[in-house]
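Structure first, then comments.
Please treat every number below as a calculation from the coordinates, not as lab data. Because the structure is predicted, anything quoted here is derived from the model rather than measured. Note that each Cβ is placed from the backbone with ideal geometry, even for glycine, and that neighbours are counted across all protein chains shown.
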Amino acid sequence: MCNAVEHSRPDVSIIIPAHNSEKYLIDCIDSIRLHLPNNLTVEVLVILNGSTDTSAELINAYSIKYSWIKYWNLERSGRSYARNFGISKACGRYLMFLDADDFFVFGVGIKMAVKILDSNEELFAVWSDTIVRNGRQDSRIEATGFKYSDLENRNCFSISSVLIRNENLGRFPEDMYLYEDWVFWARSLKGRSVVPLNQVSSIVIHNEENTTARAVSGILTGQIRARARIRDLFPRRHFTVILRDLKKEVLYISGMSRENNDDSVLAKYRFSMRTLRQLSRIPFVKYVFTSLYNKSREEHLSSYRDIQ
């Protein structure tokens, strides 16, 4: 819990979880130090998540030199736990997240975001552009008009693209390692306003050692589990979203049945998908299938919802 009095709170807390990130961590910190506007007060909270390399020594030396850098060395409990721990310690009026191998860039962006939030108490977050660097190729993800219902279909934000008020935030699900940020945004932004800002705030690096980038096989599982967590936030779910969810579940069960050589399971879900597609062409049947799907969803998820 933050013990700072209101007038002494920093403008922004930047939370960085790190696990064995000695190759990237100091570059990440330096990107903040070099691009930070002079008239903006920031604290950087580095949460070492069971690191066994020299990350602790490196960040300790920096924390001695720069009082606005703080760090904790925790037992390994996962990236979500580290971020939740950072939220509990953050004193800043606003929060931003970075991964240890990302870069903070173009301080004018965060300066503008702070100014926007300071001038309009009705706004809860500012969504900025992000550059994704994959090898030598860069692509820019632009912030666009946002509606909360967009989160029912997809994860709209990269983790480092949002500056958010440090007020009554949701938490990252600590049993998830992919798409946990999707659940966090859905929990934190319900009933709140987000404004886009077409200024780049960060560079996200996809390197060969990046666990998230390599975990392609877990992406489908992560999407299904994230959708299962956020479904209660959208009580009036659109039929096309339900159909998309079922399709992903069919693909997942299909993969499991191939691994386990279980043709009966695969045939069952193929039949369910084919039947649903045919009947969904009849408008009246949409309501019936939506109700049946919601009622039986827990059964469909029970075989894999607790998979890490």
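Some values worked out for this structure:
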{"item": "Counted charge near W72, where neighbours are those whose Cβ lies closer than 15 Å (Asp, Glu -1; Lys, Arg +1)", "result": "+2"}
{"item": "Pairs from K115/K147; K115/K190; K23/K115; K89/K147 whose Cα-Cα separation, in the structure shown, is over 27 Å", "result": "K23/K115; K89/K147"}
{"item": "Amide H contacts under 5 Å for G170, placed H, 5+ residues apart", "result": "S188"}
{"item": "Label-point separation in nm, N198 to R154, each point 7 Å along Cα→Cβ", "result": "1.9 nm"}
{"item": "FRET efficiency, 1/(1 + (r/R0)^6) with R0 25 Å, evaluated for N166 and Y66 via beta carbons", "result": "0.75"}
